[in-house]
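A short reminder: the numbers here are calculations on the coordinates, not readings from a lab. Note that the structure is a prediction, hence the values are computed from the model and not measured. Cβ placement follows ideal geometry from the backbone for every residue including glycine, while neighbour counts extend to all protein chains displayed.
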Amino acid sequence: MRNSRIAGVGHYVPERVVTNSDLEKLMDTNDEWIQERTGIKERRFFEPGKDTNANMAARAARMALERADLESKDIDFIVYATISADYMFPGSGVLMQREMGMEGIGALDIRNACSGFIYGLSVADQFIKTGMYDNILLIGSEIQSSGLDMTSRGRNVSVIFGDGAGAAVLQPASASDKGILSTHLHADGNFAEELCVIEPSTSRRSVRMSKELFESTDIYGYMNGNLVFKHAIVRFSEVIKEALQTNKLNEEDIDLLVPHQANLRISSYLEKKLGLQGKVYHNIMRYGNTTGASIPIAMSEAWQDGLIKENNLICLAAFGSGFTWASSLIRW
Ligand SMILES: CC(C)(COP(=O)(O)OP(=O)(O)OC[C@H]1O[C@@H](n2cnc3c(N)ncnc32)[C@H](O)[C@@H]1OP(=O)(O)O)[C@@H](O)C(=O)NCCC(=O)NCCS
């Protein structure tokens, strides 16, 4: 069975920069607390009327296609990871497809939050392995800012998240020891309500929307920060080790770890624990946590900075809502 490889990566972030001191004007928080607890200095927020989840994805996709030396007409299938799709339905995969003039090919939306890009990578990899498709466009795109409680009440969540999009083009690899070596996917639904947005729910009452709902905190993200932190550091380490063991490789073999940018303290802990000093990519200080978009944005920036080169062993790892967690090892 053939392997798949990433032939090109791209990203787009909205122009509007929101600094920690901008947030200080809206809620009881401060730059020092945010930087010390999360590493974040600033993030990007979308501009209504200009950016949509799907058009940010299209911009990232065009960059990935150009770097892969392909055109949109070459793509056979779209896998689109997002938890902030433009509409309740349809998914944003079809909206991006329309924007890019790729009508007719299949478009699959994936809702696995921070692990969504790696889940999508695994799906795309299987389609290429079986020979079903040759060129797949994989997206991670999120607009989180419009769902944040920008008052002191929501400060533990709203200072963390940002908007942006990333893309990767997958193709068959030239050899069995190249490209995506493995993907590892996990979930534990016992923690579903520890990091979630519950409303508007389809099943909590006979109508989805009500006037009271606008006053409810359930329309905003809830995060049990301490619990998420504790689980994240364990699951990240486990799933990276699982990937290494499966491929009979060691931590020293990794050239670059691109973790989901959840929190600088989590990534720095991993860097130390796994002995990967100087080999972990961080950009959370500039973009905050962009959920499903964070890994492809980080990968695209790392690639353009020359940190991902031919034959390098790249490890991707994620943890997030669900809880879900995942990893992948890629021989570039
Ligand atoms: C969210 C997180 C940064 C909070 O850090 P923490 O050290 O756990 O902080 P706590 O929630 O215990 O809060 C400590 C204090 O800071 C306060 N605080 C919370 N948010 C604040 C903010 N934005 N600004 C200032 N103070 C804040 C709390 O009210 C609390 O005050 P108190 O001691 O007077 O009660 C941390 O739990 C975390 O990083 N969790 C993982 C988050 C994550 O990775 N999420 C994404 C997963 S995909």
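Just one of ALA302, ALA262 is within 13 Å of the ligand (Cβ to nearest atom) and on the phi < 0 side of the Ramachandran plot; which is it?
Numbers: ALA302 fails: within 13 Å of the ligand (Cβ to nearest atom).
It is ALA262.
If the Cβ limit is 6 Å and pairs must be 6+ apart or interchain, which residue in the stretch 117-129 that is buried (at least 19 other Cβ atoms within 10 Å of the Cβ) pairs with which residue that is in a helix (DSSP H, G or I) and not hydrophobic (A, V, I, L, M, F, W, C)?
Matching pairs, first to second residue: PHE117/GLY292; PHE117/PRO296.
Under the condition of being more than 27 Å from ARG67 (Cβ to Cβ) and under 16 Å from the mean Cα position of the chain (by Cα), which residue from the stretch 263-306 is surrounded by the most Cβ atoms within 10 Å (Cβ to Cβ)? Please lay out each step first, then the result.
Of all residues in the stretch 263-306, those more than 27 Å from ARG67 (Cβ to Cβ) come to 263-266, 268-275, 277.
Now drop any that are not under 16 Å from the mean Cα position of the chain (by Cα), which leaves 263-264, 266.
Values: ASN263: 23, LEU264: 19, ILE266: 21.
This residue is ASN263.
Using the structure shown, decide if SER141 is under 22 Å from the mean Cα position of the chain (by Cα), surrounded by 18 or more Cβ atoms within 10 Å (Cβ to Cβ) and under 30 Å from GLU310 (Cβ atoms). I'd like the intermediate steps shown before the answer.
Details: under 22 Å from the mean Cα position of the chain (by Cα): yes; surrounded by 18 or more Cβ atoms within 10 Å (Cβ to Cβ): yes; under 30 Å from GLU310 (Cβ atoms): yes.
In short, yes.
Give me a count of the residues in the stretch 84-112 that are in contact with a strand residue (DSSP E or B) (Cβ under 7 Å, 6 or more places away or on another chain), within 23 Å of THR324 (Cα to Cα) and aliphatic (A, V, I, L, M).
Residues that pass the stated criteria total 4.
What number of residues within the stretch 21-53 are of a type in the set (S, T, N, Q), within 14 Å of the ligand (Cβ to nearest atom) and either under 26 Å from MET88 (Cβ atoms) or more than 22 Å from the chain's Cα centre (by Cα) (or both)? Outline the logic, then answer.
Step one: filter the stretch 21-53 for residues of a type in the set (S, T, N, Q), giving 21, 29-30, 35, 38, 52-53.
Narrowing further to those that are within 14 Å of the ligand (Cβ to nearest atom): 21, 29-30, 35, 38.
Remaining after also requiring either under 26 Å from MET88 (Cβ atoms) or more than 22 Å from the chain's Cα centre (by Cα) (or both): 21, 29-30.
Total satisfying the criteria: 3.
Within the stretch 198-238, how many residues turn out to be within 14 Å of the ligand (Cβ to nearest atom), in contact with a helix residue (DSSP H, G or I) (Cβ under 9 Å, 6 or more places away or on another chain), of a type outside the set (Phe, Trp, Tyr) and closer than 24 Å to LEU185 by Cβ?
Going through the stretch 198-238 one residue at a time, the tally reaches 8.
Considering only residues that are touching a Phe, Trp or Tyr at 6+ places or on another chain (Cβ under 7 Å), within 16 Å of the ligand (Cβ to nearest atom) and in a strand (DSSP E or B), which ones fall in the stretch 142-184?
GLY164
Go through the stretch 220-248 residue by residue and tally those that are surrounded by fewer than 16 Cβ atoms within 10 Å (Cβ to Cβ) and aliphatic (A, V, I, L, M).
Selection size over the stretch 220-248: 2.
Please go through the stretch 214-262 and give me each residue that is under 20 Å from the mean Cα position of the chain (by Cα) and of a type in the set (Val, Ile, Thr), ordered by number.
VAL228, ILE233, VAL234, VAL239, ILE240, VAL258
Which number in (1) within 16 Å of the ligand (Cβ to nearest atom); (2) under 21 Å from SER122 (Cα atoms) marks the one condition that LEU65 misses?
Going through (1) within 16 Å of the ligand (Cβ to nearest atom); (2) under 21 Å from SER122 (Cα atoms) one by one, LEU65 breaks only (1).
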